[in-house]
Amino acid sequence: MHIFNNGKYKSLHAQAEGELNAIHETVLSDHDFYPTYHLAPKTGLFNDPNGLIFDGEKYHIFAQWFPYDAMHGMKHWEHFITRDFQTFEKGDLLIPDELFESHGCYSGGAILWKDHIVAFYTGNTRRPSDNERVPHQNIAIFDKAGKLLEKRCIIDQAPKGYTEHVRDPKPFVTQEGKIRFVLGAQHENLTGTCLVYEMDDLNSTPRLLGELAVQDFNNSHVFMWECPDLFQLGGKDVFVWSPQGKLREETQFQNNYHATYALGKLDGNCLKAEHIEELDYGFDFYAPQTVQNSDRILFGWIGLPDLTYPTDKYKWHSTLTIPRQISVENGVIKQRPIVKTGELQAVELQGEIANLDTSYLQINVRNQPLELTFFGKLKFCYQNDMVTLDRSATEQTDLMKQFNGIRHVKVGKLDKVEIFFDRSIIEIFLNDGEKVMTSRFFISNRENVVASSRPIVAQVAPVKPIIF
């Protein structure tokens, strides 16, 4: 075992006595923004959901984690185990302590193999001679109780024709019983792509089968494909990935980075897409991954690369989304939240609503124009087939302001709106998850009030806090 401790590349093995407790006290001083029913770091920064798998009884949810501050330092994998997404226990963490992961354990997925959980991940390393990145693709084997049994490297360099940006393996088991994994990559000409590897078993050498092509996807300006996920759902082949470099548009690809899916039929290594769309139209959503061996439950990161948030001063940054059940309906993916709420009550959306900032709202819009202002500053508007979320009056960092304070999504006819508030998080599901908007918002000392452009009654319920 190696103990790495070089600036931001500092592993948990190098922590000083009481160091994390002191950081946690700073996190606890945040009385406005820390969530109640989203998985969030006790200290430091969360980003991508990783290694999501159902072992037959329990769900294992890993997340990228830098423990020491609200910044992208040496990545570990935090490890949660749950049966119901309500009460969580901890499993063994993935802590970088081998030379093949000397600068962090980057993202990946997991499979169940011979009654063990096998996590595939990218080991970030730097060559001492010139500090050049050398990606390693590794596996970590856990038992179902969450105990780490073994780690080892299976690929120790990028393949020829690709840069050092090769990462985020997401494995699955084929019908023939072989192990395949998709892997985000960058060509030497600095364009993004996805590689497909195959292994006969865990002891065989991975074979590169080629690149995965997505027919009709405009890859112009895209320099990297991150967090690929290939699976079947509703009789269709689905590819989920995060292309970096898409040009921003008025009503789509509005953020600095994006999360996209393609739905269709896989022909060899080419996905003949029938539909391509973003998974989320809010301000803060990236790197989604589905739970292996489940009926395709999805988590995402409520955050984006290269952004800062007002919570950074409290030494915590970002959360995971609430779990979402995804399905294919009428040729598109729908996302439905998996959350436990209290009893629904009819409430007029005007004036004060108790505990609004940790509540669930269900609103029947009846395809009529509507504007709602929450907490005096956060605006939701539906008009002319367009939903708009406006957080420009809320607190934003300079980096947040660079990408403006308004997001749009075209919906056509809007009937049902579901909104989940969790202190500094809003997740909006339109028409039973046909479109989704996930965002952070920051209003200190907020009042739990709402103003509506017309009389309207919503079904409102408290959301039960999670235990972790």
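The values are calculated or read from the model by the stated rules, or taken from the named source; none is laboratory data. The structure displayed is predicted, hence computed values, not measured ones. For neighbour counting, all protein chains shown are included, and Cβ atoms are generated from backbone atoms with ideal geometry for every residue, glycine included. For accessibility, only protein heavy atoms count, side chains too; no ligands or nucleic acids. Shrake-Rupley method; radii C 1.70, N 1.55, O 1.52, S 1.80 Å.
Summing Cβ point charges (Lys, Arg +1; Asp, Glu -1) relative to the Cα centre of the range 368-468 gives a dipole of roughly 100 debye. Listed peptides 296-304, 256-264, 336-344 appear in the order 296-304, 256-264, 336-344 once ranked by packing, highest mean of other Cβ atoms within 10 Å at the front. Quick note on the range 345-462: its Rg to Rh ratio, both from C-alpha atoms and Rh being the Kirkwood radius, is 0.93. Given their separation in residues at 0.36 nm each and the Cα-Cα distance between them, Asn131 and Met386 gain 87.0 nm when the chain is fully extended. Among residues other than Pro288 with Cβ under 10 Å from its Cβ, the summed charge is -2 (Lys and Arg +1, Asp and Glu -1).
In the range 12-330, a dipole from Cβ-located charges (positive for Lys and Arg, negative for Asp and Glu) runs towards its positive end, and of Asn21, Gly300, Ile81 it is Ile81 whose Cα lies farthest in that direction. Here the Karplus relation 6.51 cos²θ - 1.76 cosθ + 1.60, evaluated at θ = phi - 60°, turns the backbone of the range 370-384 into coupling constants of 7, 10, 10, 10, 9, 6, x, 9, 9, 10, 10, 9, 10, 6, 6 Hz, with x for every Gly and Pro. With a threshold of 28 Å on the Cα-Cα distance, the over-threshold entries among Lys151/Lys464; Lys75/Lys435; Lys8/Lys42; Lys246/Lys334; Lys10/Lys147; Lys147/Lys265 are Lys151/Lys464; Lys75/Lys435; Lys147/Lys265.
Charging the Cβ of each Asp and Glu at -1 and of each Lys and Arg at +1, and nothing else, the dipole of the chain about its Cα centre rounds to 260 debye.
For the range 65-209, a simple Cβ point-charge model (Lys and Arg +1, Asp and Glu -1, everything else neutral) yields a dipole of about 180 debye relative to the Cα centre. Ligands, DNA and RNA aside, Arg180 has an accessible area near 70 Å² when probed at 1.4 Å. Using a simple spin-label model with points 7 Å from Cα along the Cα→Cβ vector, what separation in nm is obtained for Ala22 and Asp200? My value for the distance between the label points is 5.4 nm.
Spatially, the range 395-452 and the range 105-149 are offset by 35 Å when compared through their Cα centroids. Positive-end ranking of Gly146, Ser102, Cys270 along the dipole of the chain, with charges on Cβ about the Cα centre, is headed by Cys270. Take the chain with all the other protein chains still there, run a 1.4 Å probe, and you get 39 Å² of accessible area per residue.
Roughly speaking, to the nearest percent, how much of the range 82-168's 1.4 Å accessible area is carbon and sulfur? That fraction is 47 percent.
How big is the Cα convex hull of the range 12-330 in projection, averaged over all directions, in nm²? Walk me through the numbers before you get to the answer.
Working: hull surface 67.3 nm².
Computing the convex hull of the Cα atoms and averaging its projections yields 16.8 nm².
Relative to one another, the C-alpha centroids of the range 1-70 and the range 287-301 are positioned 20 Å apart. Across the range 258-265, rounded Karplus estimates of 3J(HN,Hα) from the backbone phi angles (6.51 cos²θ - 1.76 cosθ + 1.60, θ = phi - 60°) give 9, 10, 10, 10, 10, 10, x, 10 Hz, Gly and Pro being marked x.
Note on the chain: helix-only mean residue ellipticity at 222 nm, from DSSP H runs of 4+ residues weighted -39500 (n - 2.57) and normalised by residue number, equals -500 deg cm²/dmol.
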